[in-house]
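The values are calculated or read from the model by the stated rules, or taken from the named source; none is laboratory data. It should be emphasised that the depicted structure is a prediction, and the values quoted were computed from it without experimental measurement. Cβ atoms come from the backbone with ideal geometry, glycine included; neighbour counts cover every protein chain shown.
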Amino acid sequence: MSRASISRRQALEQVAILLGGAISAPTVAGVLSKPTRRAWAASPAWAPRTLSPAQLELVATVAEHIIPQTDTPGARAAGVHRFVDTLLSDHYPATERDRFLAGLADVDARAQSAHGQPFRQCSPEQRIALLGEMDARAFASSRGEDGWFFRRLKELTIVGYYTSEFGAMQELHVSPFGAYRGDIPYASVGRAWS
Amino acid sequence: MTTYDAIVIGSGITGGWAAKELTEKGLETLVIERGRNVEHRKDYITEHKPNWQFPLRNARLGVGTQSAREYPIQARTGQFHESVKHFFIKDHRNPYVEDKPFTWIQGDQVGGKSLIWGRQVYRWSDLDFEANLRDGHGVDWPIRYADLAPWYSYVERFIGVSGEHLGLAHLPDGEFQPPMEMNAGEKFVKAGLERAFPDRRLTIGRVAILTQAVNGRLPCHYCGPCERGCSTGSYFSSQSSTLPAARATGRLTIVPDSVVHSLIYDAAKNRVTGVRVVDTTTKQTRDYSARLIFLCASTLATTRVLLTSKSPRFPDGLANSSGALGRYLMDHHFVVGANGAIEGLLDRYYQGNRPNGIYIPRFRNLGDDASRRGDYVRGFGYQGGASRQGWTRGGSEAGFGVELKRKLHDPGRWTMGLTGFGECLPRADNQVQLADQTDEFGIPLLRIHCTWGENELAMRKDMAASAAEMLEAAGCQEVQTRDAYEEGELGAEPGLGIHEMGTARMGRDPRTSVLNAHNQAHDVPNLFVTDGACMASSSCVNPSITYMALTARACDYAVGELKRGNL
């Protein structure tokens, strides 16, 4: 029998998940303290350290298209753009940071060539169409190098959103402390744990 | 020089046990720890902290990232996250030379790796203790299961182990608290697997996490990430369990921030008489003396101490008349297995973060014809688990906007993963030696040479194929095998299992082993080694509880010998 085998790279990426670390959301009981809320909200003194104000706004705009506000806040309100700036400033190796910034520039270049103006000046319909093209190419069966940026930005948006207080506590919810119940009706829970 | 009855080097899983046993038996005991002090509760600075309070949202800090700059080696393990960074050693404090990739993961604090260990605990059996004798790899263990069984019970009752009784001869049952529950996906795979393979079992992990209170420690509250420290003491660590017991005797002294330079040996008496340490803050040396010394510094750190403790009597390292010291290094090889999806069960879910998975005990080479393999000796077990996909799946599929958000509102389908942990043979050429360089404390570095051999690599093929075969037989879909090993590369290199063991092995013959049946150095009667360095083979099960049982047993023997005037 021939059997599918995932690439070594994928196997490496799965390690952390299998060992229980990568996606286990820490949980909090009860209402969040005021200091916590203050820490989360952007202080007036906050300023990006890697992204320019225009780049920051571009990230916030694209992120909000990926996870928009509905009956719960979206990516912009959750501060995904601030999370991205922190990652670029404090975590990414320089080569990866530069690659990300180049990808960001390419978003505007695509908007220019298609609509004669930067991404943020395009109409919501034009933006969604541009992102739709990028998304389709990024997740096509032959995942090309040119899809790297959109895959990465989408991943960061999702991680940034669902690990934020809005994403983890309002859109989804955290598992309460106490018992472990291994096999319960989904209807009794109603939405995914964050 | 300050004098004690006993000195224990290291405060992790085995050092904590030695401290508890020796103090409870009446010995004034000094515990020497290279790392900083970590106080139970107070120093669990990330416990219960939600993700959004971490600047990087508790990211995995991978090799090459800015955040792992001081941790180029520690960053290789998937355990290395923003929330637990402070429980791993900064690599400049423990440099070593790698001939081939070998990942040395270390704690650097009181409690050592007991704070961040995997907590899976499985007894060895005579399948393991007789393995070397049966197939000729390594030397025969000087003990058998019957020697250790009462000590396993003794340890289990104290640390608290939850798990299921299976009645398997090769994975003996213990003193178990009620097991944790499986989820619907795991129950599905268990039913299908045990139907297709009546001789195989899928069980909930046996884990040193309480489901019932013990000695003031509370049952697990299922917050999830134990490795941040647990204020309710629900998992076993030195902080929650052994060190408080030792402290209660009034006979415990701990000196943190003190790395051992060498042991002091008196050739006329043929005894170790003390320990020389370097204060990691001031770099000054200090000596302590004692009648009895237990080395519990962790496998490689322990062997490094012995290798650096040279004298005219022992020019190649203390207690090394055999030449076996530093040799027969082992680890479990893993990061190989299979994943699959489960159709349906979409009306089932779970609540709480269970810090445990499932276990499939070894089913190869059990001594009967049916389980015998022609392509390799020894065996492997699987750890794994099922879960419903969470929001992370959104990053690997097309789609965005309201539709994506709505999709991620519900959990995705069930998936099941199995990861094999395979036994590694003891081979003389997997060894550590002293390098020419010294570290910032003036202690020679280890040079580590360790590779997987043909037996491990042949076993890995079966580990991947059997995992896939079982998942398919159980009814999983889209089953895929995986193996992160590539020769000379990172991914599944030796050391990554963090089950490094051997290099000061036990044995019957002083000419071929360092320690006797009581973890006592053949050459130096008042010197005992009870951490992973003592192991003569590796089994395929997680080793820590065996280290604990060996430590308790060795302490009992050592104190008896001391009282009889033999040390």
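Observations on the model:
- Within the stretch B:346-401, being within 7 Å of another protein chain (Cβ to nearest Cβ), at positive phi and buried (at least 20 other Cβ atoms within 10 Å of the Cβ) holds for one residue alone: B:Gly352.
- Test: residue in the stretch B:295-303 that is part of a strand (DSSP E or B), touching a strand residue (DSSP E or B) at 6+ places or on another chain (Cβ under 6 Å) and in the same structural domain as B:Gly107 (by TED's automatic domain parsing): yes
- Among (1) more than 14 Å from chain A (Cβ to nearest Cβ); (2) among the charged types (D, E, K, R); (3) over 28 Å from B:Lys25 (Cα atoms) - the single one B:Arg271 does not satisfy: (3)
- Where B:Ala75 falls short, out of the listed (1) within 14 Å of chain A (Cβ to nearest Cβ); (2) part of a loop (DSSP other than H, G, I, E, B): (2)
- Residue match in the stretch B:158-175 (condition: within 24 Å of B:Gly112 (Cβ to Cβ), part of a helix (DSSP H, G or I) and more than 14 Å from chain A (Cβ to nearest Cβ)): yes
- Single residue of B:Arg251, B:Arg286 found to be farther than 22 Å from B:His40 by Cβ, among the charged types (D, E, K, R) and out of contact with any Gly (no Cβ under 6 Å at 6 or more places or on another chain): B:Arg286
- The listed residue being closer than 23 Å to B:Val155 by Cβ and touching a Lys or Arg at 6+ places or on another chain (Cβ under 9 Å), out of B:Asp126, B:Asp99: B:Asp126
- Qualifying residue in the stretch B:279-299 (condition: under 27 Å from B:Arg60 (Cα atoms), among the polar types (S, T, N, Q) and crowded, with 18+ Cβ neighbours inside 10 Å): yes
- With respect to the conditions (1) assigned to a helix (DSSP H, G or I); (2) within 13 Å of chain B (Cβ to nearest Cβ); (3) hydroxyl-bearing (Ser, Thr, Tyr), A:Thr72 lacks only one, and its number is (1).
- Given (1) within 12 Å of chain A (Cβ to nearest Cβ); (2) touching a helix residue (DSSP H, G or I) at 6+ places or on another chain (Cβ under 9 Å), index of the condition B:Gly205 fails: (2)
- Test result for A:Ala77, out of contact with any Lys or Arg (no Cβ under 7 Å at 6 or more places or on another chain) and either at pLDDT 95 or above or surrounded by 14 or more Cβ atoms within 10 Å (Cβ to Cβ) (or both): yes
- Restricting attention to the stretch B:374-390, the residues that are of a type in the set (Lys, Arg) and in contact with a helix residue (DSSP H, G or I) (Cβ under 7 Å, 6 or more places away or on another chain) add up to 1.
- Being surrounded by 19 or more Cβ atoms within 10 Å (Cβ to Cβ) and within 23 Å of B:Ser309 (Cβ to Cβ) holds for only one residue in B:Ala468, B:Ala474, B:Ala492, B:Ala504, and it is B:Ala504.
- Any hit, the stretch B:91-102, residues being within 14 Å of chain A (Cβ to nearest Cβ) and surrounded by fewer than 24 Cβ atoms within 10 Å (Cβ to Cβ): yes
- Which numbered condition B:Asn215 misses (of (1) in contact with a helix residue (DSSP H, G or I) (Cβ under 8 Å, 6 or more places away or on another chain); (2) within 12 Å of chain A (Cβ to nearest Cβ); (3) closer than 30 Å to B:His40 by Cβ): (2)
- For the stretch A:85-120, a residue qualifies if it is outside any helix (DSSP H, G or I) and among the polar types (S, T, N, Q), and exactly one does: A:Gln117.
- Filtering the stretch B:1-23 to residues that are part of a helix (DSSP H, G or I) and within 21 Å of B:Thr546 (Cβ to Cβ) leaves B:Ile13, B:Thr14, B:Gly15, B:Gly16, B:Trp17, B:Ala18, B:Ala19, B:Lys20, B:Glu21, B:Leu22.
- Filter result (within 30 Å of B:Gly205 (Cα to Cα) and either more than 7 Å from every other protein chain (Cβ to nearest Cβ) or surrounded by 19 or more Cβ atoms within 10 Å (Cβ to Cβ) (or both)) within the stretch B:402-420: B:Leu408, B:Pro411, B:Gly412, B:Arg413, B:Trp414, B:Thr415, B:Met416, B:Gly417, B:Leu418, B:Thr419, B:Gly420
- Selection of the stretch A:137-185 for residues being of a type in the set (Phe, Trp, Tyr) and within 7 Å of chain B (Cβ to nearest Cβ) yields A:Phe139, A:Tyr162, A:Phe177, A:Tyr180.
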